[in-house]
């Protein structure tokens, strides 16, 4: 920047410095606002975490205490001849 007098140069440098300070100040305010937003979001997540742990424990209790409605409830084999299919080989010489 070449100007005729030193007064003009100082005013241009002063204006640039002011804009730089303003830019830094605006960026700092933006970062502070983003930090506050993230802190609030973190607090909400912590609250949700506590609620989810409570719901999870209640759900597990309900699941463990009730039988599955899609599975039949039997005290023993429905057909005793079916046991031979699930017991494995009776003789070791039969499977080679």
**OP:** Beta carbons within 10 angstrom, averaged per residue: use that to sort the peptides 27-38, 62-73, highest first.
**Re:** 27-38, 62-73
Original post:
Beyond 19 Å, what share of the Cα-Cα pairs of region 8-68 remains, rounded to the nearest whole percent?
Top reply: 64 percent
**OP:** First measure r as the distance between the Cβ atoms of residue 17 and residue 41, then evaluate 1/(1 + (r/R0)^6) with R0 = 35 Å and state the FRET efficiency to the nearest 0.05.
**Re:** 0.45
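Taken together, the values in this text are just the output of simple stated rules run on the coordinates, not laboratory data. Note that the structure is predicted; figures quoted are calculated from it, not measured. Here the Cβ is made from the backbone with ideal geometry for all residues, glycine too, and neighbour counts use every protein chain on show.
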